[in-house]
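See structure below.
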Amino acid sequence: MPGDKQIIDEILSKAIEFGADMAGSVPAGLLEECPSAQAAGPAGFSKTAGTVIVLGLYHDPEKPEMDWWKEGRATPGDRILQKIGREIGGWLKSTHNIDSSVIPYQIFDGGTYLKDAAVLAGLGRIGRNNLVITPRFGPRVRFRALWVDIETDPIPCPVFEDFCDGCDHLCEYACPQNALESGVYSRDRCMARMERDRNAPVRVEGTERKGEVIDHCRTCELACPAGRE
């Protein structure tokens, strides 16, 4: 019988096989006191046993429709990540008889802090723009998580270069809300723009998402030079 670590390694390989661009793992208990939980309060996801598998999907700037959404529906990118999570779960149950569940996206629906989970899983580090900066894709990654009933030890987090060190702070100057002024992220200013986007859907034609969709601001993400080489 394979050990827990070997099964986690198999899961991460399967994640890539099923379509994720990156994947990592973190013991569920580590998320209970993650920085976002300490700052904003506990996440809806409350399991402290088992392991959280973090799935990452590259969001190509040439495919903005991956982020378009309508009320009551997930974005196309998020649906891809959910499908990958379900496929991993099916494989895990049939191959190893291990239970799993796709963690909801929203905190109030039982979700977890995905950026913290991605960092603790060794996929990147938080940048000046308050996004997870990954070595390969910069901040242009969407995340989703899967809980699996396997106990694992914490992995040593890789030491990434400070992607923002020596940068000209393009995200800060590009932000239409001045939400990164002086290098300090303002959630209130950022959320004000998100709310404005939500209240002003745009009309698109010629795609499966035709009709009115919500197209949230990605200015700081697209301005970031990390991961473009």
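Below is a table of values for the structure above.
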| read-out | value |
| --- | --- |
| Looking only at region 109-165, and only at residues there that are free of Cβ contacts under 8 Å to residues at least 24 places away in the same chain and in the same structural domain as Asp99 (by TED's automatic domain parsing), the one that is farthest from Ile98 (Cα to Cα) | Ile126 |
| Cβ pairs under 7 Å, 6+ apart, first in region 58-84 and part of a loop (DSSP other than H, G, I, E, B), second β-branched (Val, Ile, Thr) and modelled with pLDDT of 95 or more | His59/Val141 |
| Qualifying residues in region 150-186 (those that are under 22 Å from Asp4 (Cβ atoms) and of a type in the set (Asp, Glu)) - the one surrounded by the fewest Cβ atoms within 10 Å (Cβ to Cβ) | Asp153 |
| Residue in region 140-149 that is at pLDDT below 95 and over 30 Å from Asp4 (Cβ atoms) present | no |
| Residue within region 80-96 that is at pLDDT below 95 and of a type in the set (Lys, Arg) present | no |
| Strands (runs of 3 or more DSSP E) wholly inside region 129-229 containing at least 2 residues that are over 17 Å from the mean Cα position of the chain (by Cα) | 202-204, 211-213 |
| Residues being touching a Pro at 6+ places or on another chain (Cβ under 9 Å), over 20 Å from Val141 (Cα atoms) and among the acidic types (Asp, Glu) - total across region 32-70 | 1 |
| Test: His96 is touching a residue at least 12 places away in the same chain (Cβ under 8 Å), on the phi < 0 side of the Ramachandran plot and touching a strand residue (DSSP E or B) at 6+ places or on another chain (Cβ under 7 Å) | no |
| Some residue of region 163-174 being aromatic (Phe, Trp, Tyr) and modelled with pLDDT under 95 | yes |
| Residue ID - nearest to Cys224 (Cα to Cα), chosen from residues in region 154-194 that are out of contact with any Lys or Arg (no Cβ under 8 Å at 6 or more places or on another chain) and acidic (Asp, Glu) | Asp168 |
| Residue match in region 187-208 (condition: polar (S, T, N, Q) and surrounded by 12 or more Cβ atoms within 10 Å (Cβ to Cβ)) | no |
| Residue match in region 150-171 (condition: out of contact with any Phe, Trp or Tyr (no Cβ under 9 Å at 6 or more places or on another chain), among the small types (Gly, Ala, Ser) and within 26 Å of Pro76 (Cα to Cα)) | no |
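Matching residues to (1) surrounded by fewer than 21 Cβ atoms within 10 Å (Cβ to Cβ); (2) closer than 25 Å to Cys157 by Cβ:
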position	(1), (2)
Leu12	yes, yes
Ser25	no, yes
Glu33	yes, yes
Ala39	yes, yes
Ala49	yes, yes
Ile53	no, yes
Arg73	yes, no
Thr95	yes, no
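The values are calculated or read from the model by the stated rules, or taken from the named source; none is laboratory data. Small disclaimer: the values here were computed from a predicted structure and weren't measured. Here Cβ is always computed from backbone atoms with ideal geometry, including for glycine, and neighbour counts include all displayed protein chains.
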